[in-house]
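Taking it in order: structure first as structure tokens, then the write-up.
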Amino acid sequence: MKPLFDEMTRSEILEPSRVQGNVDAFAQFSQEIEKVEKAMPRHLNADPEHLEQGLAKLVLTLVDLLRRLLERQAIRRMEGGSLHDEEIERLGLAFMRMEAKMAELKTVFGLKDDDLNINLGPLGDLW
Amino acid sequence: MATDLTIRHRDVVLLELLDRVLDKGVVVAGDLTISVADVDLIYLGLRVLLCSVETMKKGGYTGVFSEGRQGDR
Amino acid sequence: MICLPVSLSPYFPVLKNKPSRIPTMTACYLYAITQAPAPDFLTKVGLGLRDLPLQVVIHDQLAAVMSDWRSPLSNSSHMAAETDLWRHEQVIEAIMAQGRTLPARFGTTLADVDCVHQLLITRAADFTADLAYVAGRVEMGLRILWDPPLGPENLAAENSAGFTPGRQYLQQQILKRRQEQAIRAPAETFVAALNAILQPLFVDIRLQILPTERLLLSASYLVQQTLVDAFQAQVAALSASYPSFAFLSSGPWPAYHFVRNAQPTGKL
């Protein structure tokens, strides 16, 4: 097979031609790509100092997943007309409180919204 | 400015590289996937790393090597 | 024999005591899996991270390229720097120049050479299949920025007061969702049209549509090496056709996104 790259040197890897595009947009691209990076599932750190936060992140991600799925289900039923006004009100209040609680927990563990987003492959992002 | 452009250019190249070498490629056995309804939700690397792009850019990436410090208990 | 990744070493230390009584950590740093190479292979590939020499572990038609990582535990040079990333990439690309290659994730280490050998044995079938899949192919990256179309103003009117708080909350969630979907539809249409044009030039794709509001597309394409120039030309042409979007293309890269690690060792 014909060699893909001739004599690699470090300067060639950094060579601008590796990336091509509208140079004016580079700064914006960096900004957006970094946001995507944050949203990707990260490995957990076994370092005890970080372990708690890593596990908290995992648990909260699962809890948030459930909350969002349930909320979507409630909305579907509401739009489908199979809920009484009173039920809608109770569900709405319950989900409102859950969202507030999640916000609290995120603050306690120092996590941002993006930290809890995960990519579900063919289903897209969690939220 | 030329220097400004070089920095921005380099940032973008580095981000593209990070996106690949840190998140993709062959991983070693010992990983655990949690599946719900046949959708793989969470991927836990027992080879545990925590990294953010900022950390990497500042040169503070803590890789698996650092765990060796704890090995002498 | 149980091969544990080095990361478990706090609990199962891999230690060798040197006469100086400073415990040392040893590990095998993995760069790539490749086809069993020619004898002069290493002379063409160069040095690894921290200028460590490279080694090849062979099993059947497969080879793992690694460095013997040996460092005293008190050494704070465990922190990886940007130069390490670039060296990792450089090594992989040099290996690629010699034959079909699967890049390893940065930081992948195994306890010892026996474990590396075991890796090749246990995953021989998958590695062989993946190598065949990426042979003669490279990865091209594409990202597109746009200004998201504004949502219709009149949707806000539905969210009037007069609703009780709980119901209002749910209505707001519906509104949010509708706005997201309103943006998603044109995004998906555009990406589908783009990929229809690129379709003759790529073999496979991994993509995210709207990973952020402004990032319309983030994609990696598996492209036949011989078609890289044509692919780049086509992307440039598309970029010129859509001046209100910003295109960012990168590559060629080793096929990072197309390594199929479908190996869960446990399922919950």
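The values are calculated or read from the model by the stated rules, or taken from the named source; none is laboratory data. Source: prediction; values computed, not measured. Positions of Cβ are generated from backbone atoms using ideal geometry, with glycine treated the same way; all protein chains shown enter the neighbour counts. Just so you know, the surface numbers come from the protein's heavy atoms only, side chains and all, with ligands and any DNA or RNA stripped out. Shrake-Rupley method; radii C 1.70, N 1.55, O 1.52, S 1.80 Å.
Side notes on the structure shown:
- Comparing the full protein assembly with the isolated chain, the residues of the stretch A:76-94 losing at least 30 square angstrom of accessible surface (1.4 Å probe) are A:Met78, A:Glu79, A:Ile88, A:Glu89, A:Gly92.
- 3J(HN,Hα) from dihedral phi, the stretch A:68-82, Karplus parametrisation 6.51/-1.76/1.60, rounded to Hz, x for glycine, proline: 5, 5, 5, 5, 4, 4, 4, 5, 4, 5, 4, 5, x, x, 9
- FRET efficiency for C:Leu150 and B:Arg10, using Cβ-Cβ distance with R0 set to 35 Å, rounded to 0.05: 0.55
- With θ taken as phi - 60° and the Karplus curve 6.51 cos²θ - 1.76 cosθ + 1.60 applied, the whole-hertz 3J(HN,Hα) list for the stretch C:237-253 is 5, 5, 4, 5, 6, 10, x, 7, 9, 9, 9, 10, 10, 9, x, x, 10 Hz, x standing for glycine and proline.
- Taking 0.36 nm per residue of separation and subtracting the current Cα-Cα distance, fully stretching the chain between C:Ala185 and C:Ala81 would add 33.3 nm.
- Amide H contacts for C:Leu217 (H built 1.01 Å from N in the peptide plane; partners 5 or more residues away or on another chain; cut-off under 5 Å): C:Ile144, C:Leu210.
- Solvent-accessible surface ranking, highest first, for C:Thr122, C:Thr164 at 1.4 angstrom: C:Thr122, C:Thr164
- Treating r as the C-beta distance of C:Gln224 and A:Gln73 and R0 as 51 Å, the FRET efficiency rounds to 0.65.
- A:His84 contributes about 130 Å² of solvent-accessible surface, heavy atoms of the protein only, 1.4 Å probe.
- Net charge over other residues, Cβ less than 11 angstrom from the Cβ of C:Gly166 (K, R count +1; D, E count -1): -1
- Net charge in the neighbourhood of C:Leu142 (other residues with Cβ under 14 Å of its Cβ; Lys, Arg +1, Asp, Glu -1) is -1.
- For C:Asp112, the amide hydrogen comes within under 5 Å of the amide hydrogens of C:Cys28, counting only partners 5 or more places away or on other chains and with H modelled in the peptide plane.
- Rounded FRET efficiency, nearest 0.05, which uses the C-beta distance separating A:Val59 from A:Glu87 and R0 of 22 Å: 0.15
- Amide H to amide H distances under 5 Å link A:Gln20 with C:Ser249, C:Ser250, where only residues 5 or more positions off or on other chains count and H is placed in the peptide plane.
- Sparse packing (at most 16 other Cβ atoms within 10 Å of the Cβ) combined with a DSSP loop state is found for the following GluC sites (Glu not before Pro) in the stretch C:176-262: C:Glu213.
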